[in-house]
Structures are given as structure tokens and as C-alpha cells.
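The values are calculated or read from the model by the stated rules, or taken from the named source; none is laboratory data. Computed from a predicted model, the values in this text were never measured in an experiment. Here the Cβ positions follow ideal geometry from the backbone for every residue, glycine too, while neighbour counts run over all protein chains shown.
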Amino acid sequence: MKGRFLFGAAAAVIAASMGLVASAPDGAIFTTLPDGSRVNYNIYASKPDVYLDGGPGDQAPVTAAGLPDGRYVFQVTSPSGKTLLSVDPARCRQFDVVGGVIVNAVAQFDSCQHAVGIDKDHGAPPANARTIQLCGGGLADPTAPTACFLDTPNPGGEYKAWVTNVADFLAGCAALGQNNGLNVVDCGAKRQGNAHGFVPSDSKTDNFKVRGLPREIDTRFFGLGGGLLDGMGVVWVDTNGASNNKYSYEDLSLDVHHEAHVEDVEDGTHQIIVYDQPGCTAGAIYVNGKRLPKTGPQTVSVNVGQSFTWGTIFVDVYCR
């Protein structure tokens with residue numbers, strides 16, 4: 001339930017640290033249903049329902065950039081990135097971005113590429129915009145059951161989807177001692193932040209959940225007149241150091257109330273980067289009602305403890 005509680009079943013332990021921030025990285029990824037529509041709290045009824053979408057960012061303003069064009073690869077892991085849950089070779093998990101949106105799953109000689117959906121999200125997407133199913137491929141025989149990613153070891157049913165450029169992935173695999181990263185399932189155990197070939201500084205991530213209760217960090221922007229502003233952006237940096245862009249919007253069907261919404265956050269310290277942008281020069285910032293010592297653009301660190309089992313942590317930005 002969003003916008004109407006802070007801590008849910010237990011209190012969260014929150015710490016805030018501040019510093020000047022760089023400009024936000026381009027583009028974002030997010031999970032959706034096959035047609036690009038969203039579900040409440042990013043909580044899905046079953047694993048085959050989960051598809052990957054990419055572009056300027058969910059509910060981004062028209063001026064926002066999409067993912068840079070190129071070829072990408074994805075993986076599904078536990079929230080920490082330690083446990084790889086994808087079960088097929090990385091070459092089966094590739095897709096192309098053209099014009100800032102996903103346009104296809106990369107075809108393979110054995111048709112192991114993942115299924116695609118027609119993306120109707122973003123209001124009026126390009127006609128060729130697609131979504132990619134996170135469950136496994138095996139399209140050579142449409143009647144055969146497809147392998148899906150493994151169950152998460154996380155007791156709350158949380159998963160993390162990662163996306164990185166293929167060239168960066170191959171470099172990440174080489175750093176782990178694997179020189180044919182696209183032809184193996186796993187390039188190696190997580191080491192020094194490198195999660196199976198996905199280097200956080202080169203990656204976008206998004207969290208999702210299969211069943212369970214929501215656990216979120218939501219940023220709200222208050223205008224000079226006190227009203228809540230939509231289309232305002234933050235950069236979420238997860239506990240691994242990977243980032244994603246989030247934008248404030250309203251969607252009553254999803255119980256989203258003018259918030260930049262980070263779903264299903266894992267235990268550990270997350271960073272919400274607040275920056276000046278058209279429509280909002282950042283002023284005072286509050287975390288769950290407590291004003292931070294510094295005003296203006298800064299990085300807000302939010303520590304999510306194990307006792308925070310469900311609910312919403314609010315970061316409130318007052319524009320000046």
C-alpha cells in the first residue's frame with residue numbers, strides 16, 4: 001500500500017549521507033507484463049508473467065533519453081547478485097535496442113532466444129517496441145515447456161534483473177577468467193562487485209517480486225505551492241552499485257501517488273541521487289519526516305534493515 005504508511009510491519013533503519021552528484025545516466029529498465037503494462041508494486045503472480053522493458057524510463061518526461069542503441073544481455077539473480085538464477089547460456093538472453101527501445105530478442109541458431117511481447121507502454125511507443133520474457137527460450141518447439149529462472153533464495157520472494165551492454169559483459173566475464181561469456185550460463189561467482197560478468201557501474205538493474213508484500217523506497221517532489229510534481233527524476237543506486245532512473249508519476253490503478261518508485265528493495269544501503277532539473281531546484285530533503293542537515297542536490301543513503309518487512313520509505317524533496 002503506497003502513500004499511506006511508512007514502515008508497515010516493522011521499523012526501517014535509515015541513514016542519510018550527502019554529496020554533490022553527477023548527471024543521471026541515460027535510460028532505464030523495468031519489469032512489465034508482456035504488453036508493457038505494469039502490475040501493482042512490481043509483484044507478479046508467477047515467474048512467466050515477468051517481462052523486461054527498456055527505454056527512457058517508466059513515466060519519464062519526453063526530454064528523457066532512452067537506453068543507448070546497441071546489443072545487450074540480461075540476467076536474473078538474487079537481490080544481492082550473489083546467486084545467478086538464469087539457467088540458459090548468456091547468448092540466449094541478448095536483445096537489441098534501436099531508437100532507445102527494445103526491438104527484438106537476438107535470434108540464435110538453436111532458437112533459444114527468449115519470447116517477446118508487443119510493448120504498448122509509454123503512451124505511444126514505436127511500432128517495433130518489444131518486451132522480453134525473463135523465463136528461458138526454447139522457441140524451436142513452441143509446445144515444449146520453457147526453462148525459467150530458478151526460485152530466489154530470498155525469503156521475501158525478491159529477484160533482481162540486470163542489463164548490460166554485450167561488450168561490457170564480455171569484458172566482465174574476461175575479468176572473471178571466462179573468455180567465451182556468451183556461450184556459458186555463468187561466467188563465475190560474484191567477485192569484487194562483478195556479478196557473473198555484470199559489472200555494476202556498467203549495468204542497469206530493477207527489482208521485482210513473485211508474490212509477497214511490497215517493500216519500497218519512494219521519492220516525492222513538492223512544488224513551490226506545496227503540490228506534488230510528476231515527471232521528476234532520481235537515480236536509484238542499488239546495494240551492488242548498479243543504477244537505474246526513476247520518475248515521479250501518478251497511476252491510481254497501481255496505487256502510485258506522484259512518486260518515483262523503487263520496488264522490492266533488498267537489505268542493505270541504497271542511494272537515491274537527487275539533482276536539479278527543469279521544474280525543480282532541490283531544496284530541503286526529508287527521509288520519513290526527518291529533515292536532512294544539507295539542502296540542495298545530494299545523495300541520500302537509505303539503509304534497509306531485515307526488520308523492515310513491508311511498507312514504504314519516503315524521500316521527500318522540496319523544490320525551491
(Q) Of the conditions (1) at pLDDT 95 or above; (2) more than 22 Å from E263 (Cβ to Cβ), L134 satisfies every one except a single condition; which number is it? (A) (2)
Q: Give the residues of the stretch 264-296 that are in contact with a Leu (Cβ under 8 Å, 6 or more places away or on another chain) and buried (at least 20 other Cβ atoms within 10 Å of the Cβ), sorted by residue number.
A: C280, I285
Q. Only one of (1) in contact with a strand residue (DSSP E or B) (Cβ under 8 Å, 6 or more places away or on another chain); (2) under 14 Å from G223 (Cα atoms); (3) of a type outside the set (D, E) is not met by L292, so which one is it?
A. (2)
Q: Go over the candidates Y249, Y318 one by one and state the one that is buried (at least 18 other Cβ atoms within 10 Å of the Cβ), touching a strand residue (DSSP E or B) at 6+ places or on another chain (Cβ under 8 Å) and within 30 Å of D168 (Cβ to Cβ).
A: Y249
Q: State all residues of the stretch 276-320 that are on the phi > 0 side of the Ramachandran plot and not polar (S, T, N, Q); if no residue qualifies, say none.
A: G279, G289, G296, G311
Q. Looking at the stretch 28-77, what strands (runs of 3 or more DSSP E) fall wholly within it and have at least 2 residues that are under 27 Å from A167 (Cα atoms) and touching a helix residue (DSSP H, G or I) at 6+ places or on another chain (Cβ under 6 Å)?
A. 70-77
Q) Any idea how many residues of the stretch 267-320 are assigned to a loop (DSSP other than H, G, I, E, B), touching a Gly at 6+ places or on another chain (Cβ under 6 Å) and farther than 29 Å from K209 by Cα? A) 2
Q.
Between V73, V39, V62, V98, which is at negative phi and either of a type in the set (G, A, S) or modelled with pLDDT of 95 or more (or both)?
A. V73
(Q) Show the residue pairs meeting these rules: Cβ distance below 6 Å; 6+ apart or different chains; first residue within the stretch 136-163 and exposed (fewer than 12 other Cβ atoms within 10 Å of the Cβ); second residue at pLDDT below 75. (A) A144/G138
Q | Criterion (out of contact with any Pro (no Cβ under 9 Å at 6 or more places or on another chain), surrounded by 15 or more Cβ atoms within 10 Å (Cβ to Cβ) and either at pLDDT 90 or above or not assigned by TED's automatic domain parsing to the domain that holds N240 (or both)) met by exactly one of A105, A124 | A | A105
Q: Among the residues of the stretch 159-180, write down those that are under 17 Å from the mean Cα position of the chain (by Cα) and modelled with pLDDT under 95.
A: none
Q.
Just the residues that are hydrophobic (A, V, I, L, M, F, W, C), under 30 Å from P155 (Cα atoms) and touching a Phe, Trp or Tyr at 6+ places or on another chain (Cβ under 8 Å), please, taken from the stretch 274-312.
A. V287, F308
Q. Could we say that G231 is of a type in the set (G, A, S), in contact with a helix residue (DSSP H, G or I) (Cβ under 8 Å, 6 or more places away or on another chain) and in the same structural domain as R291 (by TED's automatic domain parsing) here?
A. no
